[in-house]
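The values are calculated or read from the model by the stated rules, or taken from the named source; none is laboratory data. The structure presented is a predicted model; accordingly, all values stated were derived computationally and were not measured. Note that each Cβ is placed from the backbone with ideal geometry, even for glycine, and that neighbours are counted across all protein chains shown. These accessible areas exclude ligands, DNA and RNA; they are computed on the full protein's heavy atoms, side chains included. Shrake-Rupley method; radii C 1.70, N 1.55, O 1.52, S 1.80 Å.
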Amino acid sequence: YDRILKVYTQTGKRNCREVAHIYYAIAELYGLEGRFDNSGSYYDKAMEAIIRAEDADDNERIYVLAKVFQFYMGMYNYDRLRDIHQKISSFKLKNPKCGDDYVALGNIYDINGMHNDALEYYEKALELYLASLEEKHHKLGEIYGRLGTHAGMKQNFQEAINYYQKNLEVLERHG
């Protein structure tokens, strides 16, 4: 990997997505070996490389950033998570597939008890899904269910009921 990176940088391809994916692969290998300091260093390089990559789209950037986010979540490094969260939030995603990425990030926050941050991503997913999917699409039902759960947790019971009713409507239409 180091030789491949050297070739890329010598040929002037420092700002391409392939470099980010090589850093990402190295980070994964170090993680499998249990060498987490090295792994974190290469995840950081992957994150910075994908942001700079001229040939990457926002979907690809979010994918890499989400993986780096997961690593730091596992390391309980909340300062680093806030930084990555800000980078992720800077992208305006329009592809419906990105709604799935928003849901995945919301799930990561939820699992770790960071419910307000999770809610932010679920709301972004809903906005994207509403703009790009049919009203009976099952993903809408799933996100309405998650939003209903969050409203209930905040004791906004009427709001929770409304979300759950929308969830049921989607399920009934979807079949």
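Considering only the stretch 134-152, I want to know if a residue exists there that is closer than 18 Å to TYR63 by Cα, of a type in the set (Ser, Thr, Tyr), outside any loop (DSSP other than H, G, I, E, B) and open to solvent by less than 50 Å² (accessible area, probe 1.4 Å). Taking every residue of the stretch 134-152 in turn, none turns out to be closer than 18 Å to TYR63 by Cα, of a type in the set (Ser, Thr, Tyr), outside any loop (DSSP other than H, G, I, E, B) and open to solvent by less than 50 Å² (accessible area, probe 1.4 Å).
In the stretch 91-103, the count of residues that are in contact with a helix residue (DSSP H, G or I) (Cβ under 9 Å, 6 or more places away or on another chain), surrounded by 15 or more Cβ atoms within 10 Å (Cβ to Cβ) and at pLDDT 85 or above is one or more. Taken as a whole, the condition of being at pLDDT 80 or above and open to solvent by less than 50 Å² (accessible area, probe 1.4 Å) does not apply to ILE51.
The set of residues in the stretch 104-133 that are assigned to a helix (DSSP H, G or I), at pLDDT below 85 and over 28 Å from MET75 (Cβ atoms) contains only SER132. Assess whether TYR63 counts as being part of a helix (DSSP H, G or I), surrounded by fewer than 20 Cβ atoms within 10 Å (Cβ to Cβ) and without any contact (Cβ under 8 Å) to a residue 60 or more places away in the chain. Considered against the rule, which asks whether it is part of a helix (DSSP H, G or I), surrounded by fewer than 20 Cβ atoms within 10 Å (Cβ to Cβ) and without any contact (Cβ under 8 Å) to a residue 60 or more places away in the chain, TYR63 comes out as yes. Just to be sure I understand, how many residues within the stretch 104-133 are open to solvent by 30 Å² or more (accessible area, probe 1.4 Å), aliphatic (A, V, I, L, M) and under 16 Å from the mean Cα position of the chain (by Cα)? Residues in the stretch 104-133 being open to solvent by 30 Å² or more (accessible area, probe 1.4 Å), aliphatic (A, V, I, L, M) and under 16 Å from the mean Cα position of the chain (by Cα): 3 in total. From the list GLN155, GLN165, which one is surrounded by fewer than 20 Cβ atoms within 10 Å (Cβ to Cβ), part of a loop (DSSP other than H, G, I, E, B) and polar (S, T, N, Q)? The match here is GLN155. Annotation note: Cβ proximity below 6 Å between a residue of the stretch 47-59 that is under 13 Å from ILE88 (Cα atoms) and a residue that is surrounded by fewer than 15 Cβ atoms within 10 Å (Cβ to Cβ) (sequence gap 6+ or interchain) occurs for ASN59/ASN95.
Can you name the condition, by its number, that ASP79 falls short on among (1) part of a loop (DSSP other than H, G, I, E, B); (2) exposed (fewer than 15 other Cβ atoms within 10 Å of the Cβ)? So the condition that ASP79 fails would be (1).
Scoring PHE71 on the criteria (1) free of Cβ contacts under 8 Å to residues at least 40 places away in the same chain; (2) more than 14 Å from HIS21 (Cβ to Cβ); (3) assigned to a helix (DSSP H, G or I) leaves a single failure, condition (1).
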